[in-house]
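Each remark here refers to the structure printed beneath this line.
The values are calculated or read from the model by the stated rules, or taken from the named source; none is laboratory data. The structure displayed is predicted, hence computed values, not measured ones. Every residue, glycine among them, receives a Cβ derived from its backbone with ideal geometry; neighbour counts consider all protein chains shown.
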Amino acid sequence: MEDDEIGWIFTDVAQLDLEEHIPVIASFWETILLGAQTYGGGAFGVHVELHRKAGGLRREHFERWLVLWCQTVDELFDGPLAAAAKVHALRVANAFHGRLQSFPVAG
């Protein structure tokens, strides 16, 4: 949230409330990595709205998020699940970026 390159997306555009968001994102990753089936939301739709409000989420935004994600995973975890978290994050980032290109942005 304090990152010079993408922090503004979370704070100014999304106006993210971490107390509300952390359980949701934890549930998402718990479902992806552990098969917990606790996440029932639609992550892409939220990003479409964010893309529109931000004037377009660009490849550089996703690349920076991936760097931060991988650094955090490496600092906190090790092993096969940590590697899977990084691989899956790359897949999600690439898929979201690609799909978002067909959505209009605020003018």
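Couple of notes before you dig in:
- Residue count for the stretch 94-107, restricted to those that are surrounded by 13 or more Cβ atoms within 10 Å (Cβ to Cβ) and modelled with pLDDT of 95 or more: 5
- Of all residues in the stretch 29-44 being under 12 Å from the mean Cα position of the chain (by Cα) and closer than 25 Å to S102 by Cβ, the one that is modelled with the highest pLDDT: F44
- Enumeration of residues in the stretch 63-88 that are exposed (fewer than 12 other Cβ atoms within 10 Å of the Cβ), over 15 Å from A26 (Cα atoms) and hydrophobic (A, V, I, L, M, F, W, C): V87
- Matching entry among R91, R64, R58 (being farther than 22 Å from T11 by Cα and at pLDDT 95 or above): R91
- Restricting attention to the stretch 5-15 and to residues that are touching a helix residue (DSSP H, G or I) at 6+ places or on another chain (Cβ under 7 Å) and buried (at least 16 other Cβ atoms within 10 Å of the Cβ), the residue that is nearest to E60 (Cα to Cα) turns out to be I6.
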